[in-house]
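Have a look at the structure below, then the notes.
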Amino acid sequence: MSLVVAKFGGTSVADYAAMHRCAHIIIDNPRTRLVVVSASSGVTNLLVELTQADTQEGRRQALIEQITDIQYQILGDLGHPSDVIASIDAVLNRISQLSEQLSQTRTKAAIDELLAQGEQCSSALFAAVLREKGAAASAFDVRAVMRTDSFFGRAEPQIEQIASLTQTLLAPKLTDHIIVTQGFIGADYNHCTTTLGRGGSDYSAALLAEALKADAVEIWTDVAGIYTTDPRLAPNARPIKEISFNEAAEMATFGAKVLHPATILPAVRQKIQVFVGSSWAPEKGGTWIRHQVDAVPVYRAVAVRRDQTLLNLHSLQMLHAQGFLAETFAILARHKISVDLITTSEVNVALTLDKTGSDSSGNGLLNESLLQELSKHSRVRVEDNLALIAIVGNKIATTPGVCRRVFEVLEPHNVRMICQGASPHNLCVLVAESEAAQVVKALHENLFEATS
Ligand code: ADP
Ligand code: ASP
Ligand code: MG
């Protein structure tokens, strides 16, 4: 059976009108059998605030009311169907219970369960909107199939288990129903709810598509595809018709929020094409991400990732010695920190850490025990408020003139770090967060808008 998995992000399921538009996209394509939804826009942020230790009782009640209002607005537009009200009320009660529980005792498991409730609501409501349009649709709890490890906040999907559970429990339902399920969430081997990290619904959709051996994954969002840079930063950014898996993975990794960084992996493993389009204007088309593409330009896009930390380690042990980097990486690995960019000198190593990759509840990566461990073998300096800008494309490391063009643009700015040469697909620079928007705009103008 030819099968498409369609994922709708927060703004696409923000309210009844948005869900209505998405329902048409689904019904218009009979191949779409599985729908993956995010929480309605803003709900996960409200839940994150609810999980925070310093949120006062009064504020917690206000947050719960705001979440309730968003759900009840949609229920009202649906004409208050009693069965759906019952499921939404059950979720809202669970939110209150978990919020109460967290104000007494904080556990990572309870935080993840609370964060997962936004997707529980949106999936129940969206299935009801589809039914209202005459489709045979039902909600399905993804926790039955999305098996992960127990690393709450940023759980690791267990690919083989997901494949077998999906084939057994989910695939048979797709023959006569459109199934609406939750992105972002999963469950560990003890059936405790886990989350995949912020923005993880794209990843969920790709994982389910892989498990079902689907023909395509569609990521429906608020922009008509992947652009040459974030259209919010450069008004002249233009949509890209077709892009390779490698380029898209680089863009996602380096901050193009339109795609969660891990989304491409399952698609590559199963050679599934990915489409990115706007649920507001599906007629505009979008971007196809494929294995093979016709054009491989040197400059494809500029991406920016904010909230970067630069860790500078100084140690005389490095001088003509072996093993210093291995030791440093072992410490970081024990703390589950993946190093991003790295440069070294004789006695220094500078590495960037990506705070945007922290867990679903927004907990930072650097903690006291990590810094203490690092301090035992080096002098540690931490710089914050940095942004990483990546020029993404092809043959970047082997095309003469790339650096001249990029450095010309960077001339008035202080560049804290440059990484070039490791990948044929990117050149990265680290600048002050406050200058990031200006640098992206200037790079975009020079690389994509200049006529000569
Ligand atoms: P969703 O809620 O649908 O998952 P996101 O907010 O996560 O949507 O991602 C869509 C946003 O990604 C866009 O509104 C846009 O501002 C941002 N974005 C960043 N880089 C790009 C890019 N290169 N192309 C398109 N959108 C981008
Ligand atoms: N709702 C989750 C978030 O806001 C997941 C997603 O939107 O992809 O991060
Ligand atoms: Mg997203």
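The values are calculated or read from the model by the stated rules, or taken from the named source; none is laboratory data. Nothing here was measured: the structure is a model prediction, and the numbers come from that model. Heads up, the Cβs are rebuilt from the backbone with ideal geometry, glycines too, and the neighbour counts pull from every protein chain shown. Note: accessible area is taken over every heavy atom of the protein model, side chains too, but ligands, DNA and RNA are not part of it. Shrake-Rupley method; radii C 1.70, N 1.55, O 1.52, S 1.80 Å.
Summary table below
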quantity: Residue that is most open to solvent (accessible area, probe 1.4 Å) [pool: residues in segment 226-250 that are more than 21 Å from residue 395 (Cα to Cα) and touching a Phe, Trp or Tyr at 6+ places or on another chain (Cβ under 9 Å)]; calculated: 238
quantity: Options 306, 300; residue that is modelled with pLDDT under 95, in a strand (DSSP E or B) and of a type outside the set (A, V, I, L, M, F, W, C); calculated: 306
quantity: So residue 29, is it within 14 Å of ligand 2 (Cβ to nearest atom) and surrounded by fewer than 22 Cβ atoms within 10 Å (Cβ to Cβ); calculated: no
quantity: Odd one out for residue 240 among (1) more than 17 Å from the chain's Cα centre (by Cα); (2) more than 9 Å from ligand 1 (Cβ to nearest atom); (3) hydrophobic (A, V, I, L, M, F, W, C); calculated: (2)
quantity: Residue under evaluation residue 57, criteria (1) within 26 Å of the chain's Cα centre (by Cα); (2) open to solvent by 50 Å² or more (accessible area, probe 1.4 Å), criterion not met; calculated: (1)
quantity: Strands (runs of 3 or more DSSP E) wholly inside segment 330-426 that include at least 2 residues being closer than 30 Å to residue 203 by Cβ, within 16 Å of ligand 1 (Cβ to nearest atom) and among the charged types (D, E, K, R); calculated: none
quantity: Positions within segment 267-286 being open to solvent by less than 10 Å² (accessible area, probe 1.4 Å), within 16 Å of ligand 3 (Cβ to nearest atom) and assigned to a loop (DSSP other than H, G, I, E, B), in sequence order; calculated: 279
quantity: Condition broken by residue 214, with the remaining ones in (1) farther than 22 Å from residue 167 by Cβ; (2) modelled with pLDDT of 95 or more; (3) open to solvent by less than 30 Å² (accessible area, probe 1.4 Å) satisfied; calculated: (1)
quantity: Criterion (among the basic types (Lys, Arg), within 28 Å of residue 263 (Cα to Cα) and open to solvent by 60 Å² or more (accessible area, probe 1.4 Å)) met by exactly one of 94, 21; calculated: 21
quantity: Those residues of segment 251-299 which are under 22 Å from residue 399 (Cα atoms) and more than 10 Å from ligand 1 (Cβ to nearest atom), in sequence order; calculated: 292, 293, 294, 295, 296, 297, 298, 299
quantity: Any hit, segment 164-174, residues being within 16 Å of ligand 3 (Cβ to nearest atom), polar (S, T, N, Q), on the phi < 0 side of the Ramachandran plot and open to solvent by less than 10 Å² (accessible area, probe 1.4 Å); calculated: no
quantity: Yes/no for residue 262 being within 16 Å of ligand 2 (Cβ to nearest atom), surrounded by fewer than 24 Cβ atoms within 10 Å (Cβ to Cβ), hydrophobic (A, V, I, L, M, F, W, C) and under 28 Å from residue 47 (Cβ atoms); calculated: yes
quantity: Selected residue (criterion: nearest to ligand 2 (Cβ to nearest atom)) from residues of segment 177-201 that are within 23 Å of residue 129 (Cα to Cα) and open to solvent by 10 Å² or more (accessible area, probe 1.4 Å); calculated: 178
quantity: Selected residue (criterion: most open to solvent (accessible area, probe 1.4 Å)) from residues of segment 9-18 that are over 7 Å from residue 220 (Cβ atoms), part of a helix (DSSP H, G or I) and within 16 Å of ligand 3 (Cβ to nearest atom); calculated: 11
quantity: Criterion violated by residue 6 - all others in (1) in a helix (DSSP H, G or I); (2) surrounded by 16 or more Cβ atoms within 10 Å (Cβ to Cβ); (3) of a type in the set (Gly, Ala, Ser) satisfied; calculated: (1)
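So that you can scan it fast, the table gives a plain yes or no per residue for (1) closer than 30 Å to residue 54 by Cβ; (2) without any contact (Cβ under 8 Å) to a residue 60 or more places away in the chain; (3) touching a His at 6+ places or on another chain (Cβ under 9 Å):
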residue	(1), (2), (3)
343	no, no, no
385	yes, yes, no
394	no, no, yes
400	no, yes, no
404	no, yes, no
407	no, yes, no
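Residues are listed down the side, and each one gets a yes or a no for (1) touching a residue at least 60 places away in the same chain (Cβ under 8 Å); (2) away from ligand 3 (no atom under 15 Å from the Cβ):
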position: 180; (1), (2): yes, yes
position: 192; (1), (2): yes, yes
position: 202; (1), (2): yes, no
position: 228; (1), (2): yes, yes
position: 235; (1), (2): no, yes
position: 242; (1), (2): no, yes
position: 245; (1), (2): no, yes
